[in-house]
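Every number here is computed from the coordinates shown, using simple stated rules; none is lab data. Quick caveat: nothing in here was measured; it's all calculated off a predicted structure. Note that we place each Cβ from the backbone using ideal geometry, even for glycine, and neighbour counts take in every protein chain shown.
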Amino acid sequence: MYQLKLVRELGRSVRVIEAGSGVGGTWYWNRYPGARLDSESYSYQYSWDEELLAEWRWKEMFASQPELEAYYNRVADKHDLRRDIDFDTRVESMVFDEETDTWTLHSTEGRLYRARVVIMATGILSDPNFPKIPGLERFRGEWYHTSLWPDKDVDFTGKRIAVIGTGATGVQVIPEVAKTAGHLTVFQRTANWAVPLRNRPLSDEDMRRIRDEYPEMFPFLRGSFSGFLHTWDPTKSTDVSPEVRDARFEEAFSSPGFAKWIGLYNDLAYDAEANQIYCDFLADKIRERVDDPETAEKLIPNDHYFGTKRVPCETNYYETYNQDNVDLVLLKENPIREFTEKGIRTEQGELEVDMIILATGFDAFTGALTRLDIRGLGGQTLRDKWKDGPLTYLGMQVAGFPNFFIVGGPHGKGGHGNGPRCSEPVVEWVAQVVEDIFTHPWRRVEADPTAEQAWTTSVTDKAAGTLQATAKSIFFGDNIEGKPRVYVAYLGALPEFVDGLYDARKAGYRGFILS
Ligand code: NA7
């Protein structure tokens, strides 16, 4: 929506093509019970509308999906954005015409668009991952993917329900389902280091204080590593006494949000020994909260260090396993063979259920782009070009795909971390580039293949050998069967990334080919 506003302000004709029926992106699609932020609400809002900053009153420290969707609707209404958005329209193909230097886009609904410039704001977590388990079409009960949750109340009362997946989404939806389900069976492929969110309502006094801090908060966040309020402590955990360290761990554990991740000693991010000490601390916390020792051990990760996968934030997740109506099944011990008419057949037998919930995540970073038929110069498809992993220059462009920009995808910072904080400066840069394209005699702006190779190598080299590389994660495509194991995110800091974009433009579009 911010990109739309900026391009519109340039006086350019612009259409947003949106598959959903409403605004909000992630917060439109992920409407499952329990969906909420784990960045502080006020740190996550748009920074560019002072009136709205003064007007909007966040109800909770970590806003829920309905509050966020209401916020995005307010933004759309206030800035009259809907008139430039085609809702319920899903792009299926995009072809670059080398004669006219324009893109032709086709939607599944039969609509056709022509554009000089295409900006992909398709998100890094928007292509749902469906497990390759046969038979879902046979299942006679209800089934839902959390990221395609229907816009209606789904009743769990008294039902036998299975949830597959225990990532950031799974740990949010599981306690909600367990409240009223007759029986809930959770299928866990990998245990996660989930930590308490510690959400709370915000009082009028809180909001007054928070609003007073906006003038300092936004610049601080723009200069931070990933747009979060918490910052790593450069002190090494191994340089302080065990007493001081443990007290710090306890303090972080009882604090809200990511304080217990990126607010701690920095060596947890790179030193396996330091990290293991924190893992032991967290494992004890899980043991304290789960009554059955065998279940507790199943919920303690044994295959990755803390923070090497996305750390989910939870509310009563571990206590949920103390309920009589909840069971935990480890897929490593008892894999699912197929879905049946009545439920799920595992290696150990059939489980009859009324509802299956897939909390199985996304083909992250690349899926939203590679699922489209995107054809650049010489008819080359993006899917084919990226078959061994994505190639980008600055995460923004792909050689052979002129006038095509990605604001949130692989190798870039836009949309990653605290999403709005990281994407605002990127979207502003794209608006400047669009202005340049229309005010210069340029037909094409595209990545130079040499610069593309250098950027891609720098991104993947930076990740190689890190602690993060020791875990199977979405950052290496490990969650998707058949996806090449290549680092797809970006490990640098937000200011470094943004400065790189602006420097390249200032240096006459260094690394780009202008024609
Ligand atoms: P995640 O974090 O990718 O979690 C998906 C979960 O589903 C995770 O536990 C996966 O296990 C599990 N999964 C994925 N595929 C399968 C199959 N085939 N069978 C069984 N289990 C499977 O996605 P989320 O939606 O939870 O979170 C996405 C983002 O939302 C997150 O990064 C936050 O930014 C908010 P695995 O760990 O891969 O073994």
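If the segment from D284 to R337 were pulled out straight at 0.36 nm per residue, it would be longer than the present Cα-Cα gap by 15.7 nm. Using only the Cα atoms of segment 149-225, each taken as one equal point scatterer with no solvent, compute I(q) by the Debye sum, divide by I(0), and report log10 of the ratio at q = 0.16, 0.25 Å⁻¹. Treating every Cα as an identical point scatterer, log10 I(q)/I(0) equals -0.82, -1.16. Against the longest principal axis of the chain, how steep is helix 242-253, in degrees 0 to 90 to the nearest 10, with axes from Cα atoms? It is inclined by approximately 70 degrees. Each residue of segment 249-339 gets 127 Å³ once the volume of the Cα convex hull is shared out per residue. Hydrodynamic estimate: the Kirkwood radius of segment 335-407 over Cα pairs, inserted into Stokes-Einstein at 10 °C and 1.306 mPa s, corresponds to D of 103 µm²/s. Shown in residue order for segment 110-127 are the 3J(HN,Hα) couplings computed by the Karplus curve 6.51 cos²θ - 1.76 cosθ + 1.60 at θ = phi - 60°: x, 7, 10, 10, 10, 8, 6, 10, 10, 10, 8, 10, 8, x, 9, 10, 9, 9 Hz (x for Gly and Pro). In the structure shown, do any of K260/K413; K413/K506; K5/K462; K236/K462; K298/K472; K332/K483 have a Cα-Cα gap over 25 Å, and if so which? Where the Cα-Cα span goes over 25 Å, the pairs concerned are K5/K462.
Taking the alpha carbon gyration tensor of segment 1-138, multiplying each eigenvalue by 5 and rooting it gives semi-axes of 29, 24, 12 Å, largest first. Using 0.36 nm per residue and subtracting the Cα-Cα separation, the extra length available between D86 and A272 on full extension is 62.1 nm.
Dividing the summed helix terms, -39500 (n - 2.57) for each DSSP H run of n ≥ 4, by the number of residues in the chain produces a 222 nm estimate of -9500 deg cm²/dmol to the nearest 500.
Ellipsoid fit via the Cα gyration tensor, segment 179-317: semi-axes of 28, 22, 14 Å, each the root of five times an eigenvalue, largest first. Segment 291-309 and segment 1-74 have Cα centres separated by 34 Å.
If R₀ is 30 angstrom, what is the calculated FRET efficiency for the pair T450 and E50, using the beta carbon separation as r and rounding to 0.05? The calculated FRET efficiency here is 0.10.
Residue separation of D503 and E352 scaled by 0.36 nm, minus their Cα-Cα distance, works out to 48.5 nm of gained length. To the nearest ten degrees, helix 272-289 and the longest principal axis of the Cα atoms of the chain are 50 degrees apart. In terms of Cα atoms, the Rg and Dmax of segment 295-379 work out to 18.5, 61 Å. Using the alpha-carbon positions of segment 130-181, Rg (one decimal) and Dmax (whole number) come out as 11.6, 30 Å. Using alpha carbons only, the radius of gyration of the chain set against its Kirkwood radius gives Rg/Rh = 0.96.
Seen against the Cα atoms of the chain and their longest principal axis, helix 204-222 is set at about 50 degrees. Treating each Cα of segment 399-479 as one equal point scatterer and applying the Debye formula with no solvent, the log10 of I(q)/I(0) at q = 0.13, 0.17, 0.27 Å⁻¹ comes out as -0.55, -0.87, -1.29.
Considering only C-alpha atoms, what is the centroid distance from segment 469-515 to segment 108-180, in Å? Rounded to whole Å, the Cα centres lie 27 Å apart.
With N counted as the residues of segment 374-425, its alpha-carbon radius of gyration over 2.2 N^0.38 Å works out to 1.22.
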